[in-house]
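Derivation of every value follows stated rules applied to the coordinates shown; laboratory data play no part. Fair warning: this is a prediction, and the values are worked out from it, not measured in the lab. Here the Cβ is made from the backbone with ideal geometry for all residues, glycine too, and neighbour counts use every protein chain on show.
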């Protein structure tokens, strides 16, 4: 019988990073995505059509962004869309989005809120 390699379970940080990636990639139907008005105003003329197109460009850039070493949970990133600097921040809430989550590594009890903003909105 061949030796089976047993991998250690993922660390809490790795688990949170994986869950954050799922939310960022649109695979977590419980996650909320929030765009600040200041960011949308920088990328759209305010018409409904152009607001939607701006949101689509932001979402594509967010899904393709890379993370620095100081964001091991992949919960904060900076990138550009049409020359506008964008900041992404993921926060963790309870299932009702009322209080902070006690265990962001537990997908059953944690909801993610992804805020997309200009750095000065933070």
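Couple of notes before you dig in:
- Pair list, Cβ under 8 Å, 6 or more apart: the range 14-25 residue in contact (Cβ under 8 Å) with a residue 24 or more places away in the chain, other residue part of a helix (DSSP H, G or I) and surrounded by fewer than 17 Cβ atoms within 10 Å (Cβ to Cβ): 24/63; 25/63
- Considering the conditions (1) in contact (Cβ under 8 Å) with a residue 24 or more places away in the chain; (2) surrounded by 13 or more Cβ atoms within 10 Å (Cβ to Cβ); (3) part of a helix (DSSP H, G or I), residue 63 is excluded by exactly one of them, (2).
The rows are residues; the columns are (1) surrounded by fewer than 16 Cβ atoms within 10 Å (Cβ to Cβ); (2) more than 16 Å from residue 121 (Cβ to Cβ); (3) out of contact with any strand residue (DSSP E or B) (no Cβ under 7 Å at 6 or more places or on another chain).
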{"residue": "24", "(1), (2), (3)": "no, yes, no"}
{"residue": "40", "(1), (2), (3)": "no, no, yes"}
{"residue": "59", "(1), (2), (3)": "no, yes, yes"}
{"residue": "95", "(1), (2), (3)": "yes, yes, no"}
